[in-house]
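The values are calculated or read from the model by the stated rules, or taken from the named source; none is laboratory data. No experiment lies behind these values; they were computed from the predicted model shown. Here the Cβ positions follow ideal geometry from the backbone for every residue, glycine too, while neighbour counts run over all protein chains shown. These accessible areas exclude ligands, DNA and RNA; they are computed on the full protein's heavy atoms, side chains included. Shrake-Rupley method; radii C 1.70, N 1.55, O 1.52, S 1.80 Å.
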Amino acid sequence: MPNTTLKPIKIGKYTIEIPIFQGGMGVGISWDKLAGSVSKTGAMGIVSCVGTGYYQKSAFIQKAVKNRPFDTLNFYSKESLFEIFKNARKICGENPLGANILYAINEYGRVVRDACEAGANAIITGAGLPTNMPEFTSNFPNVALIPIVSSAKALKILCKRWEGRYKRIPDAVIVEGPLSGGHQGVSYEDCFKPEHQLEAVVPEVLEESKKWGEIPLIAAGGIWDRKDIDSIMQLGASGVQMGTRFLGAKECDASFYNTLMPKVKKEDIELIKSPVGYPARAVVTGVIKGLREGRLPKIACISNCVAPCHRGEEAKKVGYCIADGLGDGYLGDSENGLYFTGANGYRIEKIQSVQEIINELSQ
């Protein structure tokens, strides 16, 4: 049993001994090494299913163009995902291990099925409201379904749809506030309003969740240390999700973050426009800096990653391809890479092992 003063959380058929979820971060930030190492501690490691075609430099994909996975089938490579889960299991054994799959991606249903077949114990989905999520997991009744929401209204819509159509409710819900890294669930302006901050939204979502039964609530977005964990749990959360903290983990699969993050200052982190249609929080370096300096990357839409981009149309409007930028970030290309982080990313002063981070947070 892990040494922790936090209470375990039961989600579906699984018990998470340390109620800390490592946020799913792609491309390639949380794959086998990071997710497997987190699950090994008794916390919940989560594999990002975004851009798996980049795993081990495309060794498992059928087709690449200019060293990039070609089209959706290869960008979300089933073979690579299976390999990631196989290698993560070598680290964490049978401990619960999740998969994060953005609702905005092309072939969402196929990737959900792939993750279930690969051995995910839970599917976590944000970047849109996954109203049909249970449809793709009907052959995998033991897989826990955990949507990410940013309001009580979103949870109400989801529960109504799921109960009416699929006779089930979420096994847990992640409530994400606007200090998180990557894509946000509200508009740019709303990210700064008090009523959309995590501490304001958690009690509202908790109240709505009680109308549907026992739905554990996991809080995310801006949680950094044990003090933050205790504060949000006092508001009714059963657990927390933390992504940015693990950018400073030695086991982070996108190793360039270990070099980048200790140098990042508070003013280096901003909300930017994204081809996905939501504001996203990133380090202003690489591709973003290039845009501001007038160095526009060529946009060819090789990977066809997300539906809202409409095959590169939105990428051209914002000036960059998110698949290419995140892929280059994973490969350590400081000139062209896109680097997502939460608002607290500047607080990473040293690189620690996953076990050291979990010990610090849980004991």
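Before moving on, here are some points about what is shown:
- Modelled label reach - Arg226, point 7 Å along Cα→Cβ, the stretch 1-41 residues with backbone N closer than 19 Å: 1-9, 17-22, 41
- For the stretch 350-361, the Karplus equation 6.51 cos²θ - 1.76 cosθ + 1.60, evaluated at θ = phi - 60°, returns couplings of 9, 9, 10, 6, 4, 4, 5, 5, 4, 4, 5, 7 Hz by residue, with Gly and Pro reported as x.
- Sequentially through the stretch 178-191, phi angles give Karplus couplings (6.51, -1.76, 1.60; θ = phi - 60°) of x, 9, 6, x, x, 6, 9, x, 10, 5, 3, 5, 5, 4 Hz, Gly and Pro residues having no value and appearing as x.
- Protein heavy-atom surface of the stretch 171-285, 1.4 angstrom probe: 49% of the accessible area is carbon and sulfur, with nucleic acids and ligands not counted.
- Two-site FRET efficiency, Lys90 against Lys210, from Cβ-Cβ distance with R₀ of 45 Å, rounded to 0.05: 0.65
- Size descriptor for the stretch 1-160, Kirkwood hydrodynamic radius: 15.9 Å (Cα pairs only, one decimal).
- Between Lys160 and Lys63, the simple label model (points 7 Å from Cα in the Cβ direction) yields a spacing of 4.3 nm.
- Largest first, the three principal axis extents of the alpha carbons in the chain are 51, 42, 41 Å in whole numbers.
- Put a dot 7 Å past the Cα of Glu270, heading toward its Cβ, do the same for Asp190, and the two dots end up 2.3 nm apart.
- Distant-in-sequence amide H partners of Val306 (H built 1.01 Å from N, under 5 Å): Asn106
- By the helix-only formula, in which each DSSP H run with n ≥ 4 contributes -39500 (n - 2.57) and the sum is divided by residues, the chain has a 222 nm mean residue ellipticity of -9000 deg cm²/dmol.
- Between Ala300 and Lys350, the contour length at 0.36 nm per residue exceeds the alpha carbon distance by 14.3 nm.
- Dipole magnitude (debye, nearest 20) for the stretch 183-222, charges at Cβ of Lys, Arg, Asp, Glu: 100 debye
- Cα→Cβ-extended label distance, 7 Å offset, between Lys10 and Arg110, nm: 3.9 nm
- Prolate/oblate/rounded label for the stretch 74-185 (Cα gyration tensor, a/c 1.5): prolate
- Accessible surface of the stretch 26-66, 1.4 Å probe, proportion on carbon and sulfur as whole %: 51 percent
- Amide H contacts of Ile272 (H built 1.01 Å from N, under 5 Å, at least 5 apart or other chain): Ala280, Arg281, Ala282
- Distance from the C-alpha centroid of the stretch 138-152 to that of the stretch 54-131: 17 Å, rounded to the whole angstrom.
- Principal axis box of the stretch 138-275, alpha-carbon based, largest edge first, Å: 49, 37, 35
- Count of Lys pairs (Cα-Cα under 21 Å; at least 8 positions apart or interchain) in the stretch 262-322: 13
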